[in-house]
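One structure below.
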Amino acid sequence: MDVLQQPGPTMPILMERKSSHPLLLSSHGSATTEDGAMIMDDSELTLKKEQEIRDWIEQQDGGPGRNATSHVTPRPPGRPKPRLRRLERAFSLDDHSWRRKFKASQGSLTDPNESGSSTGSLQEAAEPSGNTHLPSGVVSRFPQITHVSDNHKVHLVHTKPLQPPPQVETRTSWRTPRTANRMRADYPDYEHQQLLRHTSSLSDTRLNGVVCDHCSNDSMRSTYSLLTPLRSKDVRNRSYLEGSLLASGALLGAEELDRYFPERLLRVFIATWNMQGRKELPETLDDFLLPSDDDFAQDMYVIGVQEGSPERREWEIRLQETLGPHYVLLHSSAHGVLYLSVFIRRDLIWFCSEVEYATVTTRIVSQIKTKGALGVAFTFFGTSFLFITSHFTSGDGKVTERILDYKKIVEGLALPRNIPDTNPYRSSSLDVTSRFDEVFWFGDFNFRLNKDRPGVNSILQCKPESDMSHLLQYDQLIKEMNDGSIFKGFEEASIQFLPTYKFDIGCDDYDTTSKQRTPSYTDRVVYKSRNKGDIRVLRYASCSLVKTSDHRPVFGLFEVRIRPGRDNIPLAAGLFDRELYLLGIKRRISRELQKRQAIKNQKNSSVCTIS
């Protein structure tokens with residue numbers, strides 16, 4: 001008979017009953033019932049009870065020759081568990097919760113390496129030499145138990161798991177947005193740093209099913225910072241004057257770069273606008289700086305203005321108000337009515353060098369500097385940038401004068417001064433654009449279309465939409481660039497927008513005055529890179545919704561590949577225009593409050609009609 005089906009011996013239990021039969025005394029003093037059954041006296045009954053208890057104990061011990069207490073192992077009183085530190089407590093709590101979930105699952109519990117138990121209670125034992133009875137409650141709770149050995153080790157049947165175990169990864173990978181905390185695996189200290197971050201960022205309140213050290217990083221959540229830990233020895237000994245590109249802890253090195261830009265791609269917004277010197281500004285610049293068809297804002301905004309508004313400070317406040325608190329003004333400079341403003345995300349300002357700027361005037365006789373160039377240069381991580389906004393000579397047939405303006409600017413801009421050249425072997429003292437990795441040149445170049453007004457009107461009446469090839473075949477700038485007489489080494493994205501000059505103020509009609517100026521592509525953005533393919537154009541367009549000037553703003557979205565740098569450059573140390581930042585934020589808050597108040601007043605207002 002199966003062991004689990006045979007009921008084991010039970011200890012006799014004394015139960016008092018009230019008999020319904022009257023007792024009769026026999027002649028020798030013992031009591032009998034009416035049917036003649038004999039009832040023992042108290043002494044005999046006590047001896048019989050004791051003998052039954054002894055027999056039951058011997059049966060439990062396996063026989064009379066076995067020690068009655070051999071199966072009972074006395075245990076010392078439990079000691080209080082030591083107080084664990086926070087990290088150990090996190091692992092302990094997670095291990096207990098994991099065991100409870102694991103015991104309740106239907107997975108395989110036969111392999112000790114797969115069981116995950118630290119006590120060994122689920123390990124497979126040797127073949128049993130004997131059987132022991134189990135209570136029926138144990139059988140109902142563990143129906144998969146088949147037999148029990150004499151040393152009380154449970155044997156389990158082999159069960160097939162319902163699904164394979166999850167993949168466990170030791171190499172972590174952060175699948176987060178662009179400003180992610182992810183490193184490339186080709187650096188020697190990658191795995192060490194990642195494992196150190198991984199173990200130091202555990203929290204006893206945020207562990208979700210994590211098993212010890214070998215776990216997938218996707219299942220962890222941390223309330224701790226993910227910044228790279230700094231060793232005290234490095235902080236004490238390093239001078240930070242010449243940090244290696246791959247050194248651990250380098251301020252501008254590869255490790256820090258990959259934390260913010262895992263793909264090493266920076267998105268830059270370049271815009272140029274001839275404001276015609278008008279004091280009036282658009283009601284909103286959202287359509288200009290933050291186009292509705294772009295899902296994400298850019299990392300850097302560079303805006304160049306020609307014939308700028310006399311209220312330059314007001315113009316910069318409006319830029320800050322539009323971009324919001326996520327951006328700060330890294331640099332702003334002016335040359336006459338040429339303005340150049342550089343905004344950058346506030347968490348990236350620590351990786352910029354000092355900003356240098358220089359100016360060139362191409363019209364010496366003019367007291368008001370309306371024609372010339374303004375250049376701004378700085379290094380971001382290990383990539384040097386040069387931004388130039390310029391205003392060339394105007395006039396339909398003055399192509400030669402515009403080429404002379406270009407040559408005067410590339411030879412006259414004295415940049416860089418204190419910032420180290422990232423590649424001096426490819427630099428030229430006669431061309432400022434050769435001394436930087438990435439160069440963006442934008443402005444009112446004043447190049448026109450070599451076609452009369454009626455001819456241009458006939459092409460525009462055909463509504464070319466995105467196909468501007470019929471107009472661009474007459475463009476002066478494209479012809480001169482193809483001939484190599486201007487903007488050597490520069491490129492321009494394909495133009496798929498209407499000419500940006502010259503409009504009547506406040507409408508979409510081209511010049512209706514007596515001069516009847518020919519519509520032209522005077523406002524342009526060109527770019528140049530030391531390493532081919534480092535700059536990729538995402539978009540090149542004009543903003544037709546801004547109509548306060550006779551020019552339409554032109555902007556380009558670019559994706560620039562950046563490289564790690566050495567700690568040998570003069571850092572800007574987080575310097576930005578704090579006063580402008582506060583003014584822009586206050587303006588933004590006031591505008592929002594006015595909107596809410598207007599909506600509230602509109603809801604509370606009522607219209608009464610009398611019939």
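The values are calculated or read from the model by the stated rules, or taken from the named source; none is laboratory data. Just so it is clear, the structure is predicted and the values come from calculations on it, not from any experiment. All Cβ positions, even for glycine, are placed from backbone atoms using ideal geometry, and neighbour counts span all protein chains on display. The area values use the complete protein model at the heavy-atom level, side chains included, leaving out ligands, DNA and RNA. Shrake-Rupley method; radii C 1.70, N 1.55, O 1.52, S 1.80 Å.
Numbers below:
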quantity: Which listed residue, of Tyr425, Tyr327, Tyr339, Tyr406, is modelled with pLDDT under 95 and of a type in the set (Ser, Thr, Tyr); calculated: Tyr425
quantity: Residues that are in a loop (DSSP other than H, G, I, E, B), among the basic types (Lys, Arg) and surrounded by 13 or more Cβ atoms within 10 Å (Cβ to Cβ), drawn from segment 451-479; calculated: Lys451
quantity: Filter result (surrounded by 15 or more Cβ atoms within 10 Å (Cβ to Cβ) and more than 23 Å from the chain's Cα centre (by Cα)) within segment 264-286; calculated: Ile270, Ala271, Thr272, Trp273, Asn274, Met275, Gln276, Leu281, Pro282, Thr284, Leu285
quantity: Where a residue in segment 394-422 is in a loop (DSSP other than H, G, I, E, B) and its partner, wherever it lies, is among the basic types (Lys, Arg), with Cβ under 8 Å and at least six apart; calculated: Asp396/Arg448; Leu415/Arg435; Pro416/Arg435; Asp421/Arg435
quantity: Verdict on Val537 being of a type in the set (A, V, I, L, M) and open to solvent by less than 10 Å² (accessible area, probe 1.4 Å); calculated: no
quantity: Conditions (1) in contact (Cβ under 8 Å) with a residue 24 or more places away in the chain; (2) more than 30 Å from Glu255 (Cα to Cα); number of the one not met by Cys352; calculated: (2)
quantity: Which numbered condition Phe558 fails, given (1) in contact (Cβ under 8 Å) with a residue 12 or more places away in the chain; (2) part of a helix (DSSP H, G or I); calculated: (2)
quantity: Total residues in segment 475-505, condition among the aliphatic types (A, V, I, L, M), in contact with a Lys or Arg (Cβ under 9 Å, 6 or more places away or on another chain), within 16 Å of Val554 (Cβ to Cβ) and without any contact (Cβ under 8 Å) to a residue 60 or more places away in the chain; calculated: 3
quantity: The lone exception for Leu430 - which of (1) of a type in the set (A, V, I, L, M, F, W, C); (2) over 17 Å from Tyr501 (Cα atoms); (3) open to solvent by less than 70 Å² (accessible area, probe 1.4 Å) it fails; calculated: (3)
quantity: Residue within segment 331-342 that is closer than 30 Å to Asn450 by Cα and within 36 Å of the chain's Cα centre (by Cα) present; calculated: yes
quantity: Tabulated pairs, segment 515-526, first open to solvent by 10 Å² or more (accessible area, probe 1.4 Å), second of a type in the set (A, V, I, L, M) and outside any strand (DSSP E or B), C-beta under 8 angstrom, 6+ apart or interchain; calculated: Thr518/Val456
quantity: Test: residue in segment 530-539 that is among the acidic types (Asp, Glu), part of a loop (DSSP other than H, G, I, E, B) and within 25 Å of the chain's Cα centre (by Cα); calculated: yes
quantity: Subset of segment 483-504 [closer than 27 Å to Arg278 by Cβ, open to solvent by 30 Å² or more (accessible area, probe 1.4 Å) and not in a loop (DSSP other than H, G, I, E, B)]; calculated: none
quantity: Residue within segment 373-388 that is closer than 23 Å to Glu559 by Cβ, under 42 Å from the mean Cα position of the chain (by Cα), assigned to a helix (DSSP H, G or I) and at pLDDT below 95 present; calculated: no
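Residue by residue, here is whether (1) in a strand (DSSP E or B); (2) open to solvent by less than 70 Å² (accessible area, probe 1.4 Å); (3) under 24 Å from Glu465 (Cβ atoms); (4) among the basic types (Lys, Arg) holds:
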{"position": "Met481", "(1), (2), (3), (4)": "no, yes, no, no"}
{"position": "Gly506", "(1), (2), (3), (4)": "no, yes, yes, no"}
{"position": "Thr512", "(1), (2), (3), (4)": "no, no, yes, no"}
{"position": "Ala541", "(1), (2), (3), (4)": "yes, yes, yes, no"}
{"position": "Arg587", "(1), (2), (3), (4)": "no, no, no, yes"}
